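Asks: Pasting a structure below so you can have a look.
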Amino acid sequence: MKLVKPKVEFIPQEPTLKGAKKVIEIAGRICYKSEHLITKDSSEKFYNRMKGYGHGSVLEHGTIYLTVDRFTDDEPVIEFYDKNPFSRIKCRGDKAYITTNLRVIEENKRHDDLQYMCGPTEFHDKRYTFRIITSRIISQQFTRHRVMSPSQESQRYCNYSKDKFNSEIQFIYPVWYKDCSERAIQLYTDHMLHTEKTYFGLLEEGLLAEDARDALINGVKTEFAYTGFESDFVGNFHELRSHKSAQKLIRIQENEIYNIINNNKNK
């Protein structure tokens, strides 16, 4: 058994198609905890494999920025993204600044639109990707925000008895430890140890990880990639998850996200 601290990490994206695919690989490999297989050339192969499997949700982490002339034959391009619920568009002068993702491109066969690809400008609604380490129950509060794109560590495919997990289960260090009694800490420690023992015991009895995970508690550590528009992060998400009625840990992690976005604005 191991206690780990919650964490928020910003995953920047290079302003190229390859950069978008690199973020997709990071997000996808978080699900299976196979990040150790990432190399400088592995993203293209991983991307094609996800497409082949039909895992479209992972492709959402790859952000695409387009800049299109408004008063040309490219107006149908603008019209498509204006109506697409997963894209954002801002018009300034004779330009349309479009923010979308690679799932939209692939599923709608809009590959020709990549000719308009550019780095984000001040007029694009930027998207951010974060790697978040938190408890399983807090992750459910993040994923309630359906406008975001999450890709989460899979308890179905991750077998925590294996060597790559050091044959132990990780739990999030509780933020309430400093405010509770020694008895409360001991009770929870005993429960974590019992959870780990039960989980490993079920595996020894022949259960698959997808079934043994029934024994895991809400405080188990989880990890996920989380991508969304800046306007959503600093809007409804910030309003709800920074409120005093929100649970303490998600308030802390929301504040980290909010500060990262604001710091990037000032660069």
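Asks: Please verify whether the stretch 113-121 includes one or more residues that are open to solvent by 30 Å² or more (accessible area, probe 1.4 Å) and either farther than 17 Å from Y65 by Cβ or charged (D, E, K, R) (or both).
Replies: Within the stretch 113-121, none of the residues are open to solvent by 30 Å² or more (accessible area, probe 1.4 Å) and either farther than 17 Å from Y65 by Cβ or charged (D, E, K, R) (or both).
Asks: All but one of (1) open to solvent by less than 50 Å² (accessible area, probe 1.4 Å); (2) of a type in the set (A, V, I, L, M); (3) touching a Gly at 6+ places or on another chain (Cβ under 7 Å) hold for V147; which doesn't?
Replies: So V147 meets the others, but not (1).
Asks: Give just the number: which of (1) among the charged types (D, E, K, R); (2) open to solvent by less than 10 Å² (accessible area, probe 1.4 Å); (3) more than 21 Å from the chain's Cα centre (by Cα) does K109 not satisfy?
Replies: It fails just one condition, (2).
Asks: Give the residue that is surrounded by the fewest Cβ atoms within 10 Å (Cβ to Cβ), with candidates limited to residues of the stretch 7-43 that are without any contact (Cβ under 8 Å) to a residue 40 or more places away in the chain, over 17 Å from T99 (Cβ atoms) and of a type in the set (D, E, K, R).
Replies: Top of the filtered list is K40.
Asks: Restricting the search to the stretch 110-123, which residues are hydroxyl-bearing (S, T, Y) and part of a loop (DSSP other than H, G, I, E, B)?
Replies: Selection gives T121 alone.
Asks: If you don't mind, there's one more thing I want to ask. If the requirement is being more than 23 Å from R103 (Cβ to Cβ), at pLDDT 95 or above and open to solvent by 90 Å² or more (accessible area, probe 1.4 Å), which of these qualifies: L202, L208?
Replies: When all the criteria are applied, what remains is L208.
Asks: State yes or no: is T67 more than 26 Å from R146 (Cα to Cα), hydroxyl-bearing (S, T, Y) and touching a strand residue (DSSP E or B) at 6+ places or on another chain (Cβ under 7 Å)?
Replies: Yes: the conditions hold for T67.
Asks: Give the residue, chosen from Y160, Y128, that is more than 30 Å from N259 (Cβ to Cβ) and open to solvent by less than 30 Å² (accessible area, probe 1.4 Å).
Replies: The conditions single out Y160.
Asks: Let me ask another. Any residue in the stretch 195-209 that's without any contact (Cβ under 8 Å) to a residue 60 or more places away in the chain and under 14 Å from V220 (Cβ atoms): show its pairings with residues that are in a helix (DSSP H, G or I) and open to solvent by 60 Å² or more (accessible area, probe 1.4 Å) at Cβ separation under 8 Å, as long as the two are six or more apart or on different chains.
Replies: Correct list of pairs: Y199/R213.
Asks: Here's something else I'd like to know. Any idea which residue in the stretch 134-151 is modelled with the lowest pLDDT, counting only those that are assigned to a helix (DSSP H, G or I) and in contact with a strand residue (DSSP E or B) (Cβ under 7 Å, 6 or more places away or on another chain)?
Replies: The qualifying residue modelled with the lowest pLDDT is T143.
Asks: Limited to the stretch 166-197, what total is found for residues that are over 20 Å from S139 (Cα atoms), within 25 Å of the chain's Cα centre (by Cα) and open to solvent by less than 50 Å² (accessible area, probe 1.4 Å)?
Replies: Selection size over the stretch 166-197: 1.
Asks: Still on this structure, please answer the following. Within the stretch 258-267, count every residue that is polar (S, T, N, Q), modelled with pLDDT of 95 or more and either in a loop (DSSP other than H, G, I, E, B) or in contact with a helix residue (DSSP H, G or I) (Cβ under 6 Å, 6 or more places away or on another chain) (or both).
Replies: 0
The values are calculated or read from the model by the stated rules, or taken from the named source; none is laboratory data. All values reported here derive from a predicted model rather than from experimental measurement. Cβ atoms come from the backbone with ideal geometry, glycine included; neighbour counts cover every protein chain shown. The area values use the complete protein model at the heavy-atom level, side chains included, leaving out ligands, DNA and RNA. Shrake-Rupley method; radii C 1.70, N 1.55, O 1.52, S 1.80 Å.
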